[in-house]
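Just so you know, all these numbers are worked out from the coordinates, no wet-lab data involved. Owing to the predicted nature of the structure, the values given are computational and were not obtained by experimental measurement. Cβ sites come from the backbone with ideal geometry, for glycine too, and all protein chains shown count toward neighbours.
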Amino acid sequence: MVKLKFYYMNIKQEKSCKKDEYVRDILDNYAKQIKKDKLYFMYNGKVLDLKKLNEKKVKDIFKSQKIIYVFDFNIKKENNNWKLNNIVCPECKNLSIIKYNDDNISLDCFNKHSFEYLTVSDFIEGQKYCKFLKCDLCKNIKNIYKDNFYICSCRKQLCSLCILNHDKTHNIKEYEKKFNCCCEHEQIYISYCYTCNLNLCSICENKHTNHKRK
């Protein structure tokens, strides 16, 4: 027997299956059980293509981890009432400094990434792109499933499903709080280290005493 773990929203369900059972039948039965007709399933960071699973058995697909993430196509993908809370680098998702040069807008990131925008509209679209964060564990993309995203003290970005399985000794907080609160020490940032390009809390400062800070 093989134990498959299904994660749908914040609901975890375990199902015992025979190695010779067809995967398509198992997924169809799960959809009927939770009374949803438009689902897609992710395993090991990839979407399971139901059309290619007709002849695939459990032993053919599930080699290592046995966790299946379940998503509902009917969940609204994006909230149109979008607002800009932080100015973020589209590449590394860290805070950026905005500059104006004549009619152009540019961003300079703490990690030395640079972006130039011809119009305010281009800049805003670039910031909207930053909302599509990717979970470091299952590769789930923010807003395709739900808006809740988190940052861990181990520096990993996590979706609301993966935090259920993550190390319980780590500190996990909402992703947006990474911009004003230290993930490692759970304290508000009070200064910035120009030597290391890092925001610092009162505890972090002890490791940067000889650096240029503000």
* How big is the gap, in Å, between the Cα center of the range 1-56 and the Cα center of the range 149-214? -> 36 Å
* Of Lys63/Lys156; Lys66/Lys134; Lys99/Lys134; Lys112/Lys156; Lys19/Lys66, those spanning more than 23 Å from alpha-carbon to alpha-carbon -> Lys63/Lys156; Lys99/Lys134
* Once fully extended, how much extra length lies between Ile190 and Lys207, figured as 0.36 nm per residue of separation less the alpha-carbon to alpha-carbon distance? -> 4.7 nm
* Relative contact order for the range 2-72, counting Cα pairs under 8 Å that sit 6 or more residues apart, in percent -> 45 percent
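Filter Lys5/Lys52; Lys3/Lys38; Lys36/Lys177 down to the pairs with a C-alpha to C-alpha distance above 28 Å, please.
Over 28 Å apart, Cα to Cα: Lys36/Lys177.
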* To do: Taking 7 Å along the Cα-to-C-beta vector as the label spot, tell me the Asp49-Glu21 distance in nanometres, rounded to one decimal.
  => 2.5 nm
* Asked: How many percent of all Cα-Cα pairs in the range 2-72 sit more than 15 Å apart?
  -> 49 percent
